[in-house]
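One structure is given here, and the rest of the page talks about it.
The values are calculated or read from the model by the stated rules, or taken from the named source; none is laboratory data. The model shown is predicted, which means the values in this text are computed figures rather than measured ones. Reconstructed Cβ throughout: ideal geometry from the backbone, glycine too, with neighbour counts over all protein chains shown. With ligands, DNA and RNA removed, areas are computed over all heavy atoms of the protein, side chains included. Shrake-Rupley method; radii C 1.70, N 1.55, O 1.52, S 1.80 Å.
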Amino acid sequence: MANSTALLDALKRELRARKVTYARVAEHLQLSEASVKRLFAQNDLSLPRIDATCALLGIEFTDLAAAAVARTNVISQMTLEQEQELVEDPKLMLVACAVLSYWTMDHILAHYDLTRAECIELLARLDRLKLIELQPNNRYRLRTSAAFRWIPDGPFQQQFRKYAQMDYFQSHFNGENELMVQVFGSLAAPSRAALLARLKNVAHEFTEMNQQDGPLPLQEKSSMTLVLAVRPWEPRNLRALRRKAKR
């Protein structure tokens, strides 16, 4: 049997496929829309409510469980060797980022200077790397889970820091669809844990929105890069002013 997270992920996919809104689910469950959004975001919908939502969708709970199990052959992280192969080939990295954004092969060819033969070969390599499942007519299915993350300090993150980080932050972040917030404070252990959980939920919601908007025409979307970071840190110039411990 699939676990609760897999069940809820499958349920979200069914809601999107049938264009059933959270507002309609809330009305059916006799809850507020905000409560339903929070329950889905926190993967905290009880089994009776999952069953009731299945009834709203006209599907059996067993069908939902089967759909969740069918999606268990996914990855939440690549191996070190797989990431290394990606970053060593800029074209392969390009196509990997495109498929993670749900671009079709036609979208990739229209946007980037690749031949059809090159693109097919690159998609085949991503299939061998288990990032996608290549299907007939050069279509594909992503094999990444909603919890997919790059290896911490792995080849991709090292590449980002080396080549893209400065380019990314060369912005005033005051334009349309831009935001950068810097907040300093001191948090106790429970607050730190709660903050990390909420940031993970934001990343999860971004992934869900990416999946939901995947079928839309390319001209209706914009490539977005979300960077979330938090760590115990103090600027170097402030650390230098710390009072020295008395001996």
* May I ask you to say which residue of Val69, Val36, Val95, Val87 is surrounded by 13 or more Cβ atoms within 10 Å (Cβ to Cβ), part of a helix (DSSP H, G or I), touching a helix residue (DSSP H, G or I) at 6+ places or on another chain (Cβ under 9 Å) and at pLDDT below 85? => Val69
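Looking at segment 175-191, which of its residues are farther than 22 Å from Lys221 by Cβ and either surrounded by fewer than 10 Cβ atoms within 10 Å (Cβ to Cβ) or touching a residue at least 24 places away in the same chain (Cβ under 8 Å) (or both)?
Val181, Gln182, Val183, Phe184, Gly185, Ser186, Ala188, Ala189, Pro190
Checking the condition more than 29 Å from Ala229 (Cβ to Cβ) and open to solvent by less than 70 Å² (accessible area, probe 1.4 Å), which residue from Leu100, Leu123, Leu129 passes? Quick ask: steps written out before the conclusion?
On the way: Leu100 fails: more than 29 Å from Ala229 (Cβ to Cβ); Leu129 fails: more than 29 Å from Ala229 (Cβ to Cβ).
Result: Leu123 is the single residue among Leu100, Leu123, Leu129 that is more than 29 Å from Ala229 (Cβ to Cβ) and open to solvent by less than 70 Å² (accessible area, probe 1.4 Å).
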* Please work out which residue is modelled with the lowest pLDDT, limiting yourself to segment 1-16 and to residues that are touching a Leu at 6+ places or on another chain (Cβ under 9 Å) and either under 14 Å from Gly58 (Cα atoms) or in a helix (DSSP H, G or I) (or both). => Ser4
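If only one of Leu114, Leu31, Leu123 is assigned to a loop (DSSP other than H, G, I, E, B) and within 23 Å of Asn138 (Cα to Cα), which one is it? Reasoning before the result, please.
On the way: Leu31 fails: within 23 Å of Asn138 (Cα to Cα); Leu123 fails: assigned to a loop (DSSP other than H, G, I, E, B).
Every option except Leu114 fails the conditions.
Going by what's in this entry, would Arg198 be described as within 16 Å of Asn43 (Cβ to Cβ) and open to solvent by 60 Å² or more (accessible area, probe 1.4 Å)? Give the steps one after another, and end with the answer.
Working: within 16 Å of Asn43 (Cβ to Cβ): yes; open to solvent by 60 Å² or more (accessible area, probe 1.4 Å): yes.
It is true that Arg198 is within 16 Å of Asn43 (Cβ to Cβ) and open to solvent by 60 Å² or more (accessible area, probe 1.4 Å).
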* Single residue of Leu109, Leu80, Leu114 found to be of a type outside the set (Lys, Arg), modelled with pLDDT of 90 or more and buried (at least 17 other Cβ atoms within 10 Å of the Cβ) -> Leu114
